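Colleague: One structure, pasted below without further comment.
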Ligand code: AMP
Ligand code: GLY
C-alpha cells in the first residue's frame, strides 16, 4: 500500500502521522513535506500545486491513494486531474472547492438551501457597496470574494475604515479583480465542525476550536491559528445535532443537487450566536490547526477512512474519548516579518505529539523555517489535564526566536 500526502505544514504532518498508525503500514510519500514529516514519510520535492509533476509521480510509483491537504492544490484541480487519470484521491473537485474559494458561491448556496448564516449582499461596484454600508450598522464585515489566504476579511468598526477597505478591495489592484461580500456582524463563540463527506453521506469529526489572533485574550493580528483543542463544553448535544442536520447535511445535499457533489473534508466554521448556530465560512479541506488536535483522536485505520471517502462511501470512524489541546510555537514577529534559521532543541524530551509546521534541517540541526514553526499537542482524559500537559511540554522546547499563547483552551473554563 502506497499513500501520497500533498502538502507541507502541521496539518499534513498530522495526516501523515494518522496514516502511519495504520495496521496496513503503508509506505507514505509527502510532496513536498517538511523536516518533521520526513521522520515518517519519504519527502519528494514537488510543489503542492504542480499537478503535472504530482500526477507523473503518482503514476510512476503506482500510488494507491493520494490525500490532499492545502486548498491551493484543490483550487488548481489536482483532484480532477487524478480522477481523470483513474487514480484514487481524497479531496473535492475544483468545482466543489468553490464552497471555500468563492464566498459569493457559498453565500448563494446557503441562501438557496436555507442554511443559517449572516445576512449579506455582494458588490463589484464601489459606489453601490459604499451606499449599502452607509445604510447599515457598524461593525460591518467586508470579505474579499476569492482565495485570500485568511487575509480577505476585515471587520470595520468605523465608516472611514469601511470605506478605505472597500477602496482597497474594489478600486485598487491589491486583491486582484474585485468583488466584495458585505455581511451582518455576528457575535458568539466560534467553533469548527469538520465532516468527512462523500456525496450525501457525512460523518463528523470531534468539534474543535481554533485561536486565530496572535496574542493572549484574542488580541493582536489574525494568524493561521495559534492553537486549538477538542471537547468544547459550550457545544451541547442539541447544538451538535442542529449543526449536523441544518448545516452540514444540508450543504452536502445541496452540493449534490447543484451538480457539484462534495468528496473529502467539509469544514464548517460556525458560530453559536444568540439566534442559534450560524455559518461563518466553509472550507473544502482539513482545518489548520484543528486537524492537529482532531486526528490524534482517530482510532480507526486512517487508510480505510480516506479510501472509503475516495470511493464515495461513508467512512466508519471511531474516536478516542480523550480531550486534546495544541499550542503553536511561532517565530517572533509572526504574522508580520520574522527571521528564520534559529536552532530548536528539546523536541525529543516532549511526551506530547509535536507536529512541524515550518521547520528545516541545517546539517543535523533542526531550525525554524516559517512563521508558525510547530504545534505541541497533548491528549488526556480531561481538557484541563491536556492543557497542563501541553503547557509543561512546550517549556521543554528551547529556541530563542519563538513565542506562544498561554491561554489556549481557556474559553472552555469560563
Ligand atoms: P473567515 O475568513 O470568513 O473565517 O473570517 C475570519 C474571521 O472573521 C472569522 O473567524 C470570524 O472571527 C470573523 N468573522 C467573519 N465573518 C463574521 C461575521 N459575519 N460576524 C462576525 N465575525 C465574523
Ligand atoms: N483554522 C482555520 C482554517 O483552517 O482555515
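Colleague: Find how much the distance from residue 339 to residue 362 grows on full extension, using 0.36 nm per residue of separation minus their present alpha carbon separation; answer in nm with one decimal. Mind dumping the intermediate values first?
Modeller: Numbers: separation 23, 0.36 × 23 = 8.28 nm, distance 1.50 nm.
The span from residue 339 to residue 362 would gain 6.8 nm if fully extended.
Colleague: Same structure again: For the stretch 67-218, go through all pairs of different Cα atoms, get the mean of 1/r, take its inverse, and jot down that Kirkwood value in Å. If you can, show how the numbers build up before the last one.
Modeller: Numbers: mean 1/r = 0.0571 Å⁻¹.
Hydrodynamic radius (Kirkwood, Cα only) of the stretch 67-218 equals 17.5 Å.
Colleague: Pop a pseudo-label 7 angstrom from the Cα along the beta-carbon direction at both residue 108 and residue 242 and give the gap in nm to one decimal.
Modeller: 2.9
Colleague: Moving on to the next point. Mind running the shape call on the stretch 225-377? Use the C-alpha gyration tensor, a ≥ b ≥ c as the square roots of the eigenvalues: rounded below 1.5 for a/c, prolate if a/b tops b/c, oblate otherwise.
Modeller: On the way: a/c = 1.96, a/b = 1.77, b/c = 1.11.
The shape class here is prolate.
Colleague: Just check the stretch 175-273 against the gyration tensor rule for me: Cα atoms, a ≥ b ≥ c as the square roots of the eigenvalues, rounded for a/c under 1.5, and otherwise prolate or oblate depending on whether a/b exceeds b/c.
Modeller: On the way: a/c = 1.89, a/b = 1.25, b/c = 1.52.
Oblate, because a/c is 1.5 or more while a/b does not exceed b/c.
Colleague: Return the distance in nm (one decimal) between the two label points of a simple spin-label model at residue 187 and residue 167, each offset 7 Å from Cα along Cα→Cβ.
Modeller: 3.0
Colleague: Apply the a/c threshold of 1.5 to the C-alpha gyration tensor of the stretch 19-66 and tell me whether it is rounded, prolate or oblate. Intermediate results must be reported in sequence, preceding the final value.
Modeller: Values: a/c = 2.67, a/b = 1.31, b/c = 2.04.
It comes out oblate by the Cα gyration axes.
Colleague: In addition: I need the peptides 297-303, 72-78 ranked by packing, meaning the mean over residues of other C-beta atoms within 10 angstrom, with the highest value on top.
Modeller: Taking the mean over residues of other Cβ atoms within 10 Å, the ranking is 72-78, 297-303.
Colleague: Neighbour counts of other C-beta atoms within 10 Å: give me 195, 12 arranged from fewest to most. Could the numbers behind the result be given before it?
Modeller: Details: 195 22, 12 32.
So the residues, fewest neighbours to most, are 195, 12.
Colleague: Taking 7 Å along the Cα-to-C-beta vector as the label spot, tell me the residue 131-residue 273 distance in nanometres, rounded to one decimal.
Modeller: So the two model labels end up 2.5 nm from each other.
Colleague: Related question: Take each of the peptides 329-335, 107-113, 234-240, average the number of other beta-carbon atoms within 10 Å over its residues, and list them starting from the highest. Intermediate results must be reported in sequence, preceding the final value.
Modeller: Working: 329-335: 20.4, 107-113: 17.0, 234-240: 13.0.
With the highest mean Cβ count within 10 Å placed first, the list reads 329-335, 107-113, 234-240.
Colleague: Just need log10 I(q)/I(0) for the chain at q = 0.08, 0.10, 0.13, 0.15 Å⁻¹, Debye formula, equal scatterers on the alpha-carbon atoms, no solvent, rounded to two decimals.
Modeller: Debye intensities relative to I(0), on a log10 scale: -0.42, -0.67, -1.17, -1.55.
Colleague: Could you sort the peptides 373-383, 309-319 by per-residue average Cβ neighbour count (10 Å cutoff), highest mean leading? It would help to have the intermediate numbers written out before the result.
Modeller: Working: 373-383: 23.7, 309-319: 16.1.
Going from most to least packed, we get 373-383, 309-319.
Colleague: Now a separate question. Enter the Cα centre distance for the pair the stretch 92-110 and the stretch 196-248, rounded to the nearest angstrom.
Modeller: 19
Bear in mind that the values in this text are calculations on the coordinates, not laboratory data. Just so we're clear, the structure is a prediction, and the values are computed from it rather than from any experiment. Please note: Cβ atoms are built from the backbone with ideal geometry, for glycine as well, and neighbour counts cover all protein chains shown.
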